[in-house]
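Visitor: Below: one structure in structure tokens.
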Amino acid sequence: MKRTKISEIFAPELIGTEVSVMGWVRTRRGNKHVQFVALNDGSTIRNLQIVFDMAAFSEDQLRPITTGASIHVTGRLVESMGKGQTCEVQAQTLEVFGTADPETYPLQKKGHTLEFLREKAHLRPRTNTFGAVLRVRSTLAFAIHRFFQEKGFYYLNTPLITASDCEGAGAMFQVTTLDLNDLPRLEDGQIDFSADFFGKPAALTVSGQLEGELGATALGAIYTFGPTFRAENSNTPRHLSEFWMIEPEMAFYDITDNMDLAEEFIKYCVRYALDNCREDLEFLQQMYDNELIGRLEGVLRDSFVRLTYTEGVNILKESGHKFEFPVDWGTDLQSEHERYLVEEHFKRPVILTDYPKEIKAFYMKQNDDGKTVRAMDVLFPKIGEIIGGSEREADYDKLLSRIEELDIPMKDMWWYLDTRRYGTVPHSGFGLGFERLVLFVTGMTNIRDVIPFPRTPGNAEF
Ligand code: 4AD
Ligand code: MG
């Protein structure tokens with residue numbers, strides 16, 4: 001008999017039929033006449049109740065069915081008497097695939113803290129919470145591809161190993177095959193990278209944008225969706241050392257087109273999750289965040305406020321609010337500032353533009369004032385910055401002079417500059433931190449809880 005997934009079993013037409021189900025036992029309870037097993041197979045937050053009539057099964061047969069054990073049951077699907085259940089399976093056959101010793105299996109019935117579950121990241125996908133989060137994450141990934149594919153964007157795969165530092169933050173993980181205990185040296189004592197695998201220093205990418213621009217200025221509009229790596233030592237609930245980023249890049253887009261796309265894109269993803277992950281979101285709302293669904297619907301309803309960095313800083317300075325980090329024109333905004341604008345002042349998402357050039361990357365289009373660049377950050381409730389992007393500097397001379405001002409090694413940049421030498425066009429793009437989107441949509445509060453196996457300073461377990 002073909003297996004039915006639990007996500008499909010609640011279809012009314014299956015009532016009265018024989019079914020075959022497989023999954024992991026969440027709980028078993030009952031008495032010597034009848035035993036009830038709550039079975040979950042990961043396809044849905046819902047458990048399926050299996051009823052064992054103890055006239056047909058022996059105590060010995062059921063003994064291995066403890067929390068965490070994996071089983072295969074066949075039986076008749078019937079309407080359920082129990083409240084909250086629509087149907088249940090009256091077991092006819094039972095096969096135990098694998099037991100789970102109650103003495104050592106860490107996920108017993110009682111609720112565990114998220115901190116505890118982080119230490120058990122190899123098993124936490126089996127919990128209701130992580131099942132829900134990971135299903136939402138997968139659905140959002142699909143929504144992202146759908147959004148861009150429907151719009152005629154091409155999916156471009158940019159390299160993970162690179163010799164250039166896109167963001168100029170210097171927070172890159174080196175990639176080398178040199179023997180760290182016996183490094184080849186030049187005469188002046190420097191490491192001889194010509195002996196390394198790539199013949200020069202290489203690192204894991206912090207962003208696929210620079211190569212994304214090569215794609216956009218050929219295919220018109222592209223997006224990347226892949227892992228990026230940052231070796232910043234930031235131990236916060238919003239930073240990972242390995243995170244996934246979506247980076248659309250579009251020829252013939254100015255900053256306004258870029259903002260319009262960012263807003264439409266996030267709204268599409270949130271709507272898609274509301275339409276396709278309702279049960280998981282309701283569960284997360286009930287468990288962690290009773291305002292979750294309202295907040296998601298709020299984002300769909302409101303248009304995002306757009307203002308300049310300068311206007312934002314003035315609002316913060318005039319607010320009279322005591323911030324941990326003082327704010328003044330020229331300082332980078334901290335998440336407390338971003339959240340104040342979004343949560344207290346405007347009470348809806350905000351797009352800040354035209355940041356001081358000193359706090360933004362070299363590739364952003366320079367404004368005529370000589371002080372600011374055409375950057376845009378999308379700021380979200382509970383999250384702060386969820387998107388960072390800009391219109392790009394399309395002018396060869398201006399770009400070159402910025403590269404020189406910042407002392408970026410030209411030998412790494414010649415290919416990038418060629419886009420401005422040959423058929424340069426106005427173009428724009430942005431990067432969405434995938435985990436920050438998943439954080440927002442699930443209502444979780446720590447980014448370590450929205451990626452299966454988080455990488456953070458000091459932690460690369462699993
Ligand atoms: O603002 P960032 O650094 O921008 C870029 O990398 C550009 N190259 C993007 C572009 O224009 N194509 O990063 C973009 C987004 C941030 O807004 C944030 O959501 C996320 O990536 N992000 C992180 N997410 C998790 N952990 C980290 N350490 C992150 N750093 C950035
Ligand atoms: Mg940023």
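The values are calculated or read from the model by the stated rules, or taken from the named source; none is laboratory data. Owing to the predicted nature of the structure, the values given are computational and were not obtained by experimental measurement. For neighbour counting, all protein chains shown are included, and Cβ atoms are generated from backbone atoms with ideal geometry for every residue, glycine included. Quick note on the areas: whole protein, heavy atoms, side chains included, nothing else; ligands and nucleic acids left out. Shrake-Rupley method; radii C 1.70, N 1.55, O 1.52, S 1.80 Å.
Visitor: Determine the calculated [θ] at 222 nm for the chain from helices alone, applying -39500 (n - 2.57) to every DSSP H run no shorter than 4 residues and normalising by the residue count; nearest 500 deg cm²/dmol. Walk me through the intermediate numbers first.
Guide: Details: 13 runs with 133 residues, N = 462.
Result for the chain, helices only: -8500 deg cm²/dmol.
Visitor: Does the chain come out rounded, prolate or oblate, given a ≥ b ≥ c as the square roots of the eigenvalues of its C-alpha gyration tensor, rounded meaning a/c under 1.5 and, failing that, prolate meaning a/b above b/c?
Guide: On the way: a/c = 2.36, a/b = 1.84, b/c = 1.28.
Because a/c hits 1.5 or more and a/b exceeds b/c, the chain counts as prolate.
Visitor: Please report the carbon-and-sulfur percent of the accessible area for region 279-395; probe 1.4 Å, protein heavy atoms only, DNA, RNA and ligands left out.
Guide: 42
Visitor: Going by alpha carbons, how many degrees (0 to 90, nearest 10) lie between the helix axis of 128-150 and the longest principal axis of the chain?
Guide: Value to nearest ten degrees: 50.
Visitor: Given F462, F225, T236, which one lies farthest toward the positive end of the charge dipole of the chain, if we put +1 on the Cβ of every Lys and Arg and -1 on the Cβ of every Asp and Glu?
Guide: F462
Visitor: Quick check: Cα centre of region 307-358 to Cα centre of region 1-66, how many Å?
Guide: So the separation of the two Cα centres works out to 54 Å.
Visitor: Specify the angular offset, from 0 to 90 degrees and rounded to the nearest 10, of the alpha carbon long axis of helix 278-288 from the longest principal axis of the alpha carbons in the chain.
Guide: 80
Visitor: When all protein chains stay in place, what accessible area (Å², nearest 10, 1.4 Å probe) is found for H239?
Guide: Approximately 50 Å² of H239 is accessible to the 1.4 Å probe.
Visitor: Okay, next question. Given H placed 1.01 Å from N in the peptide plane, which residues other than close sequence neighbours of I387 have an amide H under 5 Å from its amide H?
Guide: Correct list: V378.
Visitor: Let me ask something else. At a threshold of 8 angstrom on Cα-Cα distance, excluding pairs fewer than six apart, so keeping six or more, what relative contact order does region 69-165 reach in percent? Don't skip to the answer; put the middle values down first.
Guide: On the way: 63 pairs, mean separation 16.7, N = 97.
Normalised by residue count, the contact order of region 69-165 is 17 percent.
Visitor: May I pose another question? Contour minus end-to-end for E404 and E264, with contour as 0.36 nm per residue of separation and end-to-end as the Cα-Cα distance?
Guide: On the way: separation 140, 0.36 × 140 = 50.40 nm, distance 3.62 nm.
That works out to 46.8 nm of additional length.
Visitor: Per-residue accessible area for F462 at 1.4 Å probe radius, Å² rounded to 10?
Guide: 90
Visitor: Along the principal axes of its C-alpha atoms, what lengths does region 18-115 span, in descending order and rounded to whole Å?
Guide: Answer, in whole Å and largest first: 40, 29, 23 Å.
Visitor: Order I144, I15 by their accessible area, 1.4 angstrom probe, all chains in place, largest first.
Guide: I15, I144
Visitor: Using 1/(1 + (r/R0)^6) with R0 = 25 angstrom and r between the beta carbons of E343 and E282, what's the FRET efficiency to the nearest 0.05? The partial results should precede the final answer.
Guide: Working: r = 23 Å, r/R0 = 0.94.
Taking R0 as 25 Å, the efficiency between E343 and E282 is 0.60.
Visitor: Putting +1 on Lys and Arg Cβ atoms and -1 on Asp and Glu Cβ atoms, find which of T129, V175, L48 reaches farthest to the positive end of the dipole of the chain.
Guide: It is L48.
Visitor: Accessible area of D332, 1.4 Å probe, to the nearest 10 Å²?
Guide: Taking all protein chains as shown, D332 has close to 80 Å².
Visitor: Grab the beta carbon distance between D188 and T236, set R0 = 41 Å, and tell me the FRET efficiency rounded to 0.05.
Guide: It comes to 0.55.
Visitor: How big is the antiparallel share of DSSP beta bridges in the chain, given as a percent to the nearest 5? Mind showing how you got there, number by number?
Guide: Numbers: 68 of 78 bridges.
Restricted to the chain, the bridges split so that about 85 percent are antiparallel.
Visitor: Further question: Counting alpha carbon pairs within less than 8 Å and at least 6 residues apart, what relative contact order, in whole percent, applies to region 316-407?
Guide: Averaging sequence separation for qualifying contacts and normalising by length gives 24 percent for region 316-407.
Visitor: Order E79, E167 by their accessible area, 1.4 angstrom probe, all chains in place, largest first.
Guide: Output order, biggest surface exposure first: E79, E167.
Visitor: Which of L160, M1, A69 sits closest to the plus end of the dipole of the chain, meaning its Cα is farthest towards the positive end, when Lys and Arg get +1 and Asp and Glu get -1 on the C-beta?
Guide: M1
Visitor: Distance check, please: which entries in K151/K411; K360/K382; K83/K110 exceed 26 angstrom between their Cα atoms?
Guide: K151/K411
Visitor: With every protein chain present, what is the per residue accessible area of the chain (1.4 Å probe, Å²)?
Guide: Details: 22150 Å² over 462 residues.
On a per-residue basis, the chain sits at 48 Å².
Visitor: Place a +1 charge on the Cβ of each Lys and Arg in the chain and a -1 charge on the Cβ of each Asp and Glu, then give the dipole magnitude about the Cα centre in debye, rounded to the nearest 20. Walk me through the intermediate numbers first.
Guide: Details: 51 positive and 69 negative charges, 410 e Å.
For this selection, approximately 1960 debye.
Visitor: Full-extension gain between D412 and N157, please, as 0.36 nm times their residue separation minus the C-alpha to C-alpha distance.
Guide: 89.8 nm
Visitor: While we're on this one: Multiply the residue gap between V34 and T104 by 0.36 nm, knock off their C-alpha separation, and tell me the result in nm, one decimal place. Mind dumping the intermediate values first?
Guide: Values: separation 70, 0.36 × 70 = 25.20 nm, distance 2.69 nm.
Between V34 and T104, full extension yields an extra 22.5 nm.
Visitor: Would you please give the FRET efficiency between Q92 and D60, computed as 1/(1 + (r/R0)^6) with r the Cβ-Cβ distance and R0 = 22 Å, to the nearest 0.05?
Guide: Plugging the Cβ-Cβ distance into 1/(1 + (r/R0)^6) gives 0.80.
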